[in-house]
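Notes for the one structure printed next.
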Amino acid sequence: MITERVSLWDETAAESEVSTDMLPAETVDLAIVGGGFTGLSTALHAAEAGLSAHVIEAHRIGHGGSGRNVGLVNAGVWLPPTEVRGALGDDRGQAFLRRFGDGPRMVFDLIERHQIRCEAAREGTIHAAHAPSGMRNLEGRYRDWREMGAPVELLDRDAVTVRTGSPAFHGGLLDHRAGTVNPMGYVRGLARAAEAAGAGISTGVRATRLVPEPGLGWRVETTAGTLRARAVVLGTNAYTDALWPGLSRSYTTIRYFQFATEPLGPEASHVLPGRQGVWDTAPVMTSVRRDAAGRLMIGSMGRLIGTVERGLSLRWARKRLERLFPGLGPVRFEAAWDGEIAMTPDHLPRVHQLAEGLYTPIGYNGRGITTGTIFGAAIVGLLTCRDPEALPLPLSDMAAVPTAPLMRRFYALGFAATQVWRSVR
């Protein structure tokens, strides 16, 4: 089994890694490929609904995007509400927005119910305006959410400076529904809860082939043997491989890197004093948050270029912290990592029915914690109630994004150029 460190969250998560089970000899109701937010939410809700479920993870729990996440538990999706309604229609769009707006409550309720130790801070998140144009965008989002009765607050420049400790932002949108977690702690806690509910989990086991067995379900061939299931869910998102032909070409991947400082003392008490997570409105966004030990995590779109000790990304991190928090002074970084995000052309996720009894939620556009948790429960609702309306989105057929390979290269070059520019600016 692969044991290399995934991120700082690997070491700071209070939840332990789960034990690994042998593949069951009997047919299960549901086989789940992928041990991240989606797969483990699916397993937990399936077991609680009385279904036999087994998770197959090629590496360790949280090895993919779940363990490399920023840890922001945000409401909604990438798009503002007006654009969601425009894409989905008024009725479907409104229902989608309400369900995803309620996503943080679902996450924090699971954390409370299963006593998941993940540094949960339900203090909101701040979408910060990087420029006057960003503030105009936030004003529109604020009006949309307020019309729906959401507890959001528009912050002027002075208010956002107090909330963040940074004079660099032109304002912000504080969403009181949201919060932060240690994402590795959360995903390991979901695994513990799923096991306690009766689900099986096999780590270090890669699914290599899916074979339909008419009238019976699926045969899942793995590196540890064969698992038979009446239905299969692929919960691999941006870490999808060639298991199902063409699936990895149905979205565009981008990378996101992060740096974590050592725990900071009183000199950093003015930085995010309420522990709200922050991300800005810039086209190449920056995120910043702090953990329970007082570390600051800062990140942006693009791959990690270099290491925590040297290289372009380190220069970027130093410069960005210096610009955002000029009174902070020099800091020392103790960890750096990156991960993959699956982006769709319209910035909305998908739920594909790939074949009879084979489903995949995919394309989370950087909202993995809430989206994976919601879709896991929704897929179980579909399987138990046989009602497609149980899903936040209609089932769709998989479609390739023809420009995906080109866009991956384009984004990679653009993000690297931004690192260069901001490391000297």
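Coordinate-derived values only; no laboratory data. A quick note: this is a predicted structure, and the numbers were derived from the prediction, not measured. Counting neighbours? That spans all protein chains shown, and the Cβs are built from the backbone with ideal geometry, glycine included.
Key figures
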{"item": "Given (1) under 23 Å from Val288 (Cβ atoms); (2) not in a helix (DSSP H, G or I), index of the condition Gln115 fails", "result": "(1)"}
{"item": "Residues (polar (S, T, N, Q) and under 20 Å from Gln276 (Cα atoms)) located in the range 65-85", "result": "Ser66, Asn69, Asn74"}
{"item": "Test set (1) buried (at least 24 other Cβ atoms within 10 Å of the Cβ); (2) under 17 Å from the mean Cα position of the chain (by Cα) - Val6 fails condition number", "result": "(1)"}
{"item": "Qualifying positions in the range 130-156 - without any contact (Cβ under 8 Å) to a residue 40 or more places away in the chain, charged (D, E, K, R) and in contact with a His (Cβ under 8 Å, 6 or more places away or on another chain)", "result": "Glu153"}
{"item": "Identity of the residue in the range 65-85, assigned to a loop (DSSP other than H, G, I, E, B) and on the phi < 0 side of the Ramachandran plot, that ends up surrounded by the most Cβ atoms within 10 Å (Cβ to Cβ)", "result": "Asn69"}
{"item": "All positions within the range 160-217 that are among the β-branched types (Val, Ile, Thr), touching a residue at least 40 places away in the same chain (Cβ under 8 Å) and in contact with a strand residue (DSSP E or B) (Cβ under 9 Å, 6 or more places away or on another chain)", "result": "Thr164, Thr180, Val181, Ile201, Thr203, Val205"}
{"item": "The listed residue being hydrophobic (A, V, I, L, M, F, W, C), closer than 20 Å to Val107 by Cα and more than 21 Å from the chain's Cα centre (by Cα), out of Ala378, Ala400, Ala417, Ala390", "result": "Ala390"}
{"item": "Exclusive hit being closer than 26 Å to Gly274 by Cα and buried (at least 17 other Cβ atoms within 10 Å of the Cβ), set Leu51, Leu110, Leu97, Leu88", "result": "Leu110"}
{"item": "Odd one out for Ser133 among (1) buried (at least 24 other Cβ atoms within 10 Å of the Cβ); (2) hydroxyl-bearing (Ser, Thr, Tyr); (3) over 25 Å from Gly294 (Cβ atoms)", "result": "(1)"}
{"item": "Criterion violated by Ala121 - all others in (1) touching a Ser or Thr at 6+ places or on another chain (Cβ under 8 Å); (2) farther than 20 Å from Val70 by Cα satisfied", "result": "(2)"}
{"item": "Filter result for the condition that a residue is under 19 Å from Val33 (Cα atoms), surrounded by 14 or more Cβ atoms within 10 Å (Cβ to Cβ), over 22 Å from the mean Cα position of the chain (by Cα) and not hydroxyl-bearing (Ser, Thr, Tyr), over Leu324, Leu314, Leu383", "result": "Leu383"}
{"item": "Residue list for the range 370-416, filter: β-branched (Val, Ile, Thr) and part of a loop (DSSP other than H, G, I, E, B)", "result": "Val401, Thr403"}
{"item": "Filter result for the condition that a residue is touching a Phe, Trp or Tyr at 6+ places or on another chain (Cβ under 6 Å) and either under 16 Å from Gly376 (Cα atoms) or small (Gly, Ala, Ser) (or both), over Gly103, Gly65, Gly86, Gly76", "result": "Gly76"}
{"item": "All positions within the range 9-47 that are assigned to a helix (DSSP H, G or I), β-branched (Val, Ile, Thr) and buried (at least 24 other Cβ atoms within 10 Å of the Cβ)", "result": "Thr38, Thr42"}
{"item": "Residues of the range 192-234 satisfying the condition of being surrounded by 15 or more Cβ atoms within 10 Å (Cβ to Cβ) and basic (Lys, Arg)", "result": "Arg192, Arg206, Arg219, Arg228, Arg230"}
{"item": "Those residues of the range 287-311 which are polar (S, T, N, Q) and surrounded by 24 or more Cβ atoms within 10 Å (Cβ to Cβ), in sequence order", "result": "Ser300"}
{"item": "Hey, Val271 without any contact (Cβ under 8 Å) to a residue 60 or more places away in the chain, crowded, with 18+ Cβ neighbours inside 10 Å, more than 22 Å from the chain's Cα centre (by Cα) and part of a loop (DSSP other than H, G, I, E, B) or not", "result": "no"}
{"item": "Answer from Val187, Val162 - the residue that is of a type outside the set (S, T, N, Q), over 23 Å from the mean Cα position of the chain (by Cα) and part of a helix (DSSP H, G or I)", "result": "Val162"}
